[in-house]
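Peer 1: I'd like to ask some things about the structure below.
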Amino acid sequence: QVQLVESGGGLVQAGRSLRLSCVVSGSIFSIDDMGWYRQAPGKQRELVAETEKGGRMKYADSVKGRSTLFRDSAKNAMFLEVDSLKPEDTAVYYCYAGVTLDEVGTTWSGWGQGTQVTVSS
């Protein structure tokens, strides 16, 4: 059974940095795409950063220039670092992944349970 396990959220002061981690657990053949989304109270879930086909990273304008998305393929893990945190970064952050499960091409996609990030001013 494939699961996404997130960690790294918490209470952070404005201006500080934070690293979120997402690990794909279970037996998989390959990770096709991964990304981070966030949802603030009363707002829709929005993209923060994701890997596009070909390996290029895509960032939302709200975090562009102060965030870095990177992967550790050996550990089936993805990390999101956000610098210069702002109170408006406060949200539940969700990891997303689309994977291929086997050589036949069976696919799976899903979300992590979410991790709360609260930025105090």
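Peer 1: Is there a quick way to get the dipole size of the chain? I mean about its Cα centre, with the Cβ of Lys and Arg at +1 and of Asp and Glu at -1; what is the value in debye to the nearest 20?
Peer 2: Here the chain has a charge dipole of around 360 debye.
Peer 1: Another question, if that's okay. Count the net charge of all other residues whose Cβ sits under 14 Å from the Cβ of residue 118, scoring Lys and Arg as +1 and Asp and Glu as -1.
Peer 2: Its environment carries a net charge of +1.
Peer 1: Hey, what do the phi angles of the stretch 65-74 turn into as Karplus ³J(HN,Hα) couplings, whole Hz, using 6.51/-1.76/1.60 and θ = phi - 60°, x for Gly and Pro?
Peer 2: My calculation for the stretch 65-74 gives x, 9, 9, 9, 10, 8, 10, 10, 4, 5 Hz in order.
Peer 1: Separate question: For the chain, take the alpha-carbon Rg, divide it by the Kirkwood Rh, and send me Rg/Rh.
Peer 2: 0.98
Peer 1: Which whole-Hz ³J(HN,Hα) couplings does the stretch 114-121 yield from phi under the Karplus relation 6.51 cos²θ - 1.76 cosθ + 1.60, θ = phi - 60°, glycine and proline marked x?
Peer 2: x, 9, 7, 10, 10, 10, 8, 8
Peer 1: Taking all protein chains as present, what is the carbon and sulfur share of the accessible area of the chain, in % to the nearest whole number, probe 1.4 Å?
Peer 2: Answer for the chain: carbon and sulfur cover 47 percent of the accessible area.
The values are calculated or read from the model by the stated rules, or taken from the named source; none is laboratory data. Small disclaimer: the values here were computed from a predicted structure and weren't measured. Don't worry about glycine lacking a Cβ; one is built from the backbone with ideal geometry, like all the others, and counts go over all protein chains shown. Please note that ligands, DNA and RNA were not included when accessible areas were found on the heavy atoms of the full protein model with its side chains. Shrake-Rupley method; radii C 1.70, N 1.55, O 1.52, S 1.80 Å.
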